[in-house]
Every structure is written in structure tokens, then in C-alpha cells.
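Structure first, then comments.
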Amino acid sequence: MPLCAGQPFPRRAIRVKETVGSVQFAAMKTVHIKSFGCQMNVYDGQRMADLLSEQGYSETPTPEGADLILLNTCHIRARAVQKVYTELGKLRDLKTSRKAAGQDTRIVVAGCVAQAEGAEIQRRQPAVDLVVGPQAYHRLPALLEEARRRRVVDTDLPVDDKFGHLPAPKPAAIAARGLSAFVTVQEGCDKFCAFCVVPYTRGAEFSRPVVQVLAEIERLARAGVQDVTLIGQNVNAYHGEGPDGGAWSLARLAGAVGGIEGVRRIRYTTSHPRDMGEDLIAAHRDLPQLMPFLHLPVQAGSDRILTAMNRGHSAEDYRRLVARIRAARPDIALSSDFIVGFPGESEAEFEETIALVDEIGFASSYSFAYSPRPGTPAAERKDQLAPEIVSARLHRLQARIEHHRQAFNHAMVGRVVEVLLERAGRHPGQLAGRTPWLQAVQIEGGAHRIGECVPVRIERAGSNSLFGRSLRAGDLAA
Ligand code: SAH
Ligand code: SF4
Ligand code: F3S
């Protein structure tokens, strides 16, 4: 049975929470941050909140009443961008009505749409005060100051390390975010898949230095974080500078994270099949804290499409890689991303994707209709498919993915698994947590508490959660 490895700090999170009320600012301003897109944006949103808290801003969960509204945007598909403009229309109305009541509201667009569209955003929506790209967040206070006088756009992609300039979160802020935390260790992409905007919106691959990452995770662990996900657009391409001056791989970094007191669970995402090094595969066998769940996007099952996508691997390479990973860690569960309807994809090629899904048996997966993105090579192709064909394929693929997801979850019934309890459950008396395979579990009864890791017998699999009972001695008696 996979265990929650390591020892947590005893009740550290609770002690820290008591200090929340003591943080006072002379004139408290509020900021509402809404993040779209991937985990990198979630992390960036938190770091911007930390930075703005030093400027006297406290976070508010809704835009109404906020002095500053920050949309942290995603450019990955056309629909993600439409969402931003719809949201901005609503915020313009909010800004106008607040202004009529004598209140000032400032609107900032950050993230990948900011990087890709720059000044175009303010042309389409003049209520936007500031546009700031993902590599310029550390300049936010100065940019906000400048935006009082004129509309500002900062979409520099400097080699400069923004992370080195962003303040560390305060213990109270960490505790408020819960037991799990994302930590960006790598950013950017040099792979240039033919469909993807990320290399243009996030810039070149960059790895944070080992010492900086470890210091951040030590700080998180001291404030109660037990489950750490190392994130990056190509996280397994990590090659950060180590304390010895040499480059460390992700496996070596994860090993050092495993040595931090209080860290019970380590995950990493998103990985590229080409960067799955031998030492990382071995870490799945040797590092007890490394969870047996791996998001390893393959995108498609046809070699011709994979080549056209510029993925740099074949379907057979992927199969062989999965076999090696499973040999190292037999209970590992895999998930993937898929794109259907890439230009020129034939029915037979789509069938190869379905065949791969059935063969690997992913525990879960994300699947998307191909969206032509401006500036990417695939968008220029003349053999774009009709939307009806693409959506019919997407439905078929999603049905297969769902079938395997349910099969994976139902196979847990009757098993005993370690669950890290993260929050109150849906109903009184329930607690909610996650298995090592990232499945949500609701637990009935018992005397266990948030922050504890308990053995749980899974009794039932619902469509999105598992349900079970703690088997810990004290809980059985309770
Ligand atoms: N770096 C990660 C993926 C980042 S983007 C990787 O290489 O796997 C997240 C997912 O969005 C991708 O895996 C892909 O499935 C999807 N995606 C990216 N560009 C897309 C596009 N133009 N249309 C549809 N889906 C896309
Ligand atoms: Fe996009 Fe490909 Fe880079 Fe992933 S590896 S971020 S899909 S270009
Ligand atoms: Fe979207 Fe940018 Fe992430 S485009 S998926 S927010 S890297």
C-alpha cells in the first residue's frame, strides 16, 4: 500500500492561522485575482497576491468591491481568450458603476493573453489600465504606479529571473491556501509543438536554481504544506543550477525535496515524454514521497500526426516509455492530454488515438478540439478539419477516456489506501482528502483531523469522488 511518507510538522498550520488577524495595514486596499488556464497561472496568481500584500492589498474572493482586479489569463485555445474578453466586458460595467459611486477601480490583465496580445487588449477594452506579461510580475508595483498616469503595457520577456524578485509568501497566506501547494521550478518551452502558443507566451525554458526552490519549499512546509507539486511547462526538462554549480535534474531536485521535514507527498507536472530521464523513472521506484501518478501528455496516437505536431516522439516511443515507467513502479497511474482534429487528421489516424487510449488505460485525461492559434505553424495549414468532424471525434474520445477513468476508480473499491485529509467534506462529519493517485475521497466518521494521513477502506466509487472509512485504530473505536 503506498503510504504518505515522512512526518508532518505537528499542527504547524493551526498555529500559524492564529496570526492572521494580527496583520494590519494603515489603509487596507483590496485586490481580486482571477486565474484562468494552467497551474502555472495559479502559482503566479498567488505570488502576485504575496507581492501586492506588501503594498497593502488584501485579497477578496469577488470582484465587486475590489479596488484592483487582476485577470491572470490563458491563450492556449480560442475559447480561453474569448472568456477573457467576456469577463472584461463585465468588469468595465462594474468599474463604471463604482465610478458613479465615487470609487476607483483598476483593471489589470496579466498572463498569456497579455503577452500575446499586448496593447490590442486595451484597444478592444479601454477600461483596462495595465497589461503585464508573465515574466514581468515582479515589476507590478511600479507598473501600477505608472498606470495612474497612462495606460501601460509591459510584455518584455527578459532572461532576468522574476522569481528572485518576488517576495516569499507569509506563513498566514500559506496556511490559508491549504496543505497542498504548487511550486514553479521551471518555466517556458523550447519545443515548439506546431499547435502551441506557450513558447511564444512564456518564452524560453528556464529552471530556477535549486537553493531557491528548496528554500521556498522549506518555508511552505514550516507553515503546514505537506503535498508539493513541482510545476513547469516542461517540468522534467528541469536543469537548475545546484549548490555545487552543476545542473541538477528533476529527479535530483525531487530527492532533495523529499529530505525536507514535513513534505509527505511530491508530484510534478507537466512532463514531456522526451524528457523522461532514467533517473526520474528510477525515482518513482526509490523515492517514497514521489506519488505514483504521472501526467505524461501524448496528444495523439498516430505517428504521422505526432510528426506533423512536431512532438519529437512516436506512439511506439511512448508505449515503450510507459512500459519502463511501469516496470519501475507497477502501481503508477498515468494521465494524458489529447488534441483531436489536428489539421489533416484522417478517421484512421483518429482511431489510432482511441487504440492508444484503450491500450494504456489512462486513469484520467484531458482532451481538446484542436484550436488554430495565431502565429503557430499548424494554424497556417490548408487542411483544417470541419468543426462537426472534430466535435464528433472529441465526443468519442471523451467517452473512452471516461470509461477508463471510471474503471480505474471502481477498481479502488474494497482496497485500503492512504488518504491525506485536506479539508472539511461535503456533509457534516465528513472530511475530504486525496489518494496517492489524486482521487478525491470523502471519509465518514472517526476522530481524524485535517492534516492527518489515514488508511482508508474504499467502500464506494461515485462519479467524481470515492467514499470510504478510516481504518486507523482510534477511528474504528470512535
Ligand atoms: N507543456 C505541456 C502542455 C501545455 S498546454 C505538454 O507539452 O504536454 C496544455 C494542453 O493544451 C496541451 O497538452 C494540449 O493538449 C492542449 N493544447 C495546446 N495547444 C492547443 C491547441 N492549439 N488546440 C487545442 N489544444 C491545445
Ligand atoms: Fe506547448 Fe509542446 Fe511546449 Fe507543451 S511541449 S508547452 S505542448 S510547445
Ligand atoms: Fe494557458 Fe499560458 Fe498556461 S497559455 S495553459 S496559462 S502557459
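Among the residues of the range 242-249, is there at least one that is outside the structural domain of Ala323 (by TED's automatic domain parsing), away from ligand 1 (no atom under 15 Å from the Cβ), closer than 23 Å to Ala173 by Cα and part of a strand (DSSP E or B)? No - not one qualifying residue is present in the range 242-249. In the range 288-296 there is at least one residue matching the filter, namely being at negative phi and within 16 Å of ligand 3 (Cβ to nearest atom).
Against the condition among the basic types (Lys, Arg) and within 25 Å of the chain's Cα centre (by Cα), how does Arg326 come out, does it pass? So Arg326 passes the test.
No other residue among Ala328, Ala386, Ala378 is within 16 Å of ligand 3 (Cβ to nearest atom), open to solvent by less than 50 Å² (accessible area, probe 1.4 Å) and of a type in the set (A, V, I, L, M) apart from Ala378. Can you find, within the range 326-342, the residue that is nearest to Met412 (Cα to Cα) among those that are of a type outside the set (Phe, Trp, Tyr) and part of a strand (DSSP E or B)? Selected residue: Ala333. If we scan the range 314-325, do we find a residue that is buried (at least 19 other Cβ atoms within 10 Å of the Cβ), more than 16 Å from ligand 2 (Cβ to nearest atom) and either of a type in the set (Asp, Glu) or part of a strand (DSSP E or B) (or both)? No.
In the range 331-368, which residues are open to solvent by 10 Å² or more (accessible area, probe 1.4 Å) and within 15 Å of ligand 1 (Cβ to nearest atom)? Scanning the range 331-368 gives Asp337, Ile339, Gly344, Ser364, Ser365, Tyr366, Ser367, Phe368.
Please determine, by comparing only the residues of the range 188-206 that are open to solvent by less than 20 Å² (accessible area, probe 1.4 Å) and not in a loop (DSSP other than H, G, I, E, B), which one is nearest to Gly240 (Cα to Cα). Per the criteria, the residue is Pro199. Taking the range 48-106 as the range and being within 16 Å of ligand 1 (Cβ to nearest atom) and open to solvent by 30 Å² or more (accessible area, probe 1.4 Å) as the test, the residues that pass are Ile76, Arg77, Ala78, Arg79, Gln82, Lys83. Scoring Val132 on the criteria (1) free of Cβ contacts under 8 Å to residues at least 40 places away in the same chain; (2) out of contact with any Asp or Glu (no Cβ under 6 Å at 6 or more places or on another chain); (3) open to solvent by less than 30 Å² (accessible area, probe 1.4 Å) leaves a single failure, condition (2).
Summed over the range 255-307, the residues that are part of a helix (DSSP H, G or I), open to solvent by 20 Å² or more (accessible area, probe 1.4 Å) and within 13 Å of ligand 1 (Cβ to nearest atom) give a count of 2.
Residues that are more than 26 Å from Val419 (Cα to Cα) and open to solvent by 10 Å² or more (accessible area, probe 1.4 Å) do occur in the range 214-228, at least one of them.
The values are calculated or read from the model by the stated rules, or taken from the named source; none is laboratory data. Remember, it's a predicted structure, so these values are computed and weren't measured experimentally. As a convention, Cβ positions derive from the backbone with ideal geometry for all residues, glycine included, and neighbour counts pool all protein chains shown. SASA here: full protein model, heavy atoms, side chains in, ligands and nucleic acids out. Shrake-Rupley method; radii C 1.70, N 1.55, O 1.52, S 1.80 Å.
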